[in-house]
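Worksheet: the structure to be examined is printed underneath.
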Amino acid sequence: MRIAYTNMNLNFKKQNGLIPAIIQDANTCKVLMLGFMNKEAYQKTRRVKRVTFYSRSKKRLWTKGETSGNYLEVIDIKPDCDRDAILIKAIPKGPTCHSGAYSCFGEESGNNIIFFESLRALVEKRKHDMPLVPSAGEGSYTASLFRAGISKIGAKVTEEAEEVARAATSEGKARVIEEISDLLYHLTVLMAETKVDWMDIEQCLILRRG
């Protein structure tokens, strides 16, 4: 995390212990949301490198994504000229708005990778929520893959890749789309198991492109 100022001397007194924090997508530069931080929330944001607000309704700290998995990974923090507001550049790990939208202000990301990050967050949630011992008839296919482990997940990726190739040679466009969708889903499960994000893939491809 690149923090622009080591000692920002933020003015928390001006607004009764709070400062507004504008969150901006570090990749697209679009505004994602506005929240409020007290000093403790600001310090936690810097410490854990995930945006953490102070909830004025619940009277407690809350880290964005703590229930959904759609965290805002902090890249940079800058104060305004009066040091009573901050701009945070972050990488969203899924939709920012509680409605499922990319931004609370209705903006589109202009970056389709956000869909895949959202899918990965959903898969990660399935993994997090699965019981240690499945009950009879427990029907989550995603959870069953995680229980089977990386060897099983890898085998499914191989199987789906072969089906994509077979569909491409003899089964037509509609079938190719279906098989690629299956492959991307299983790749997403594999990525969650190995702690790889779609942003990691994007950055690798950008570097290769030169």
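The values are calculated or read from the model by the stated rules, or taken from the named source; none is laboratory data. As the structure is a prediction and not an experimental result, all values here were calculated from the model. FYI the Cβ positions are ideal-geometry reconstructions off the backbone, even for glycines, and counts take in every protein chain you see.
Within the range 61-87, residues that are of a type in the set (Lys, Arg) and crowded, with 20+ Cβ neighbours inside 10 Å have Cβ atoms under 8 Å from residues that are outside any strand (DSSP E or B) and modelled with pLDDT of 95 or more in these pairs: LYS64/VAL51, counting only partners at least 6 apart in sequence or on another chain.
May I ask you to list the residues in the range 196-210 that are free of Cβ contacts under 8 Å to residues at least 24 places away in the same chain and not in a helix (DSSP H, G or I)?
VAL196, GLY210, listed by residue number.
Being at pLDDT below 90 and within 18 Å of the chain's Cα centre (by Cα) narrows it down to one of TYR5, TYR102, so name that one. Show your work before the answer.
Working: TYR5 fails: within 18 Å of the chain's Cα centre (by Cα).
Step by step, each of TYR5, TYR102 is checked, and only TYR102 is at pLDDT below 90 and within 18 Å of the chain's Cα centre (by Cα).
Any residue in the range 14-28 that is surrounded by 16 or more Cβ atoms within 10 Å (Cβ to Cβ), over 30 Å from ALA192 (Cβ atoms), free of Cβ contacts under 8 Å to residues at least 60 places away in the same chain and touching a strand residue (DSSP E or B) at 6+ places or on another chain (Cβ under 9 Å)? Within the range 14-28 (the criterion being surrounded by 16 or more Cβ atoms within 10 Å (Cβ to Cβ), over 30 Å from ALA192 (Cβ atoms), free of Cβ contacts under 8 Å to residues at least 60 places away in the same chain and touching a strand residue (DSSP E or B) at 6+ places or on another chain (Cβ under 9 Å)), the answer is yes, since at least one residue qualifies.
Cβ-Cβ contacts under 9 Å between residues 6 or more apart (or on different chains), taken from a first residue in the range 48-60 that is in contact (Cβ under 8 Å) with a residue 40 or more places away in the chain to a second residue that is part of a strand (DSSP E or B) and hydrophobic (A, V, I, L, M, F, W, C), are listed as LYS49/VAL74; LYS49/ILE75. Selection of helices (runs of 4 or more DSSP H) fully inside the range 113-195 by the criterion of at least 3 residues being farther than 30 Å from ALA101 by Cα and either modelled with pLDDT of 95 or more or β-branched (Val, Ile, Thr) (or both) returns 150-170. Kindly indicate whether any position in the range 10-26 is part of a loop (DSSP other than H, G, I, E, B) and either over 14 Å from ASP84 (Cα atoms) or touching a Gly at 6+ places or on another chain (Cβ under 9 Å) (or both). Checking the range 10-26: at least one residue is part of a loop (DSSP other than H, G, I, E, B) and either over 14 Å from ASP84 (Cα atoms) or touching a Gly at 6+ places or on another chain (Cβ under 9 Å) (or both). Take the conditions hydroxyl-bearing (Ser, Thr, Tyr), over 29 Å from THR194 (Cα atoms), outside the structural domain of LEU187 (by TED's automatic domain parsing) and surrounded by fewer than 16 Cβ atoms within 10 Å (Cβ to Cβ) and apply them to SER57. Does it pass? So SER57 passes the test.
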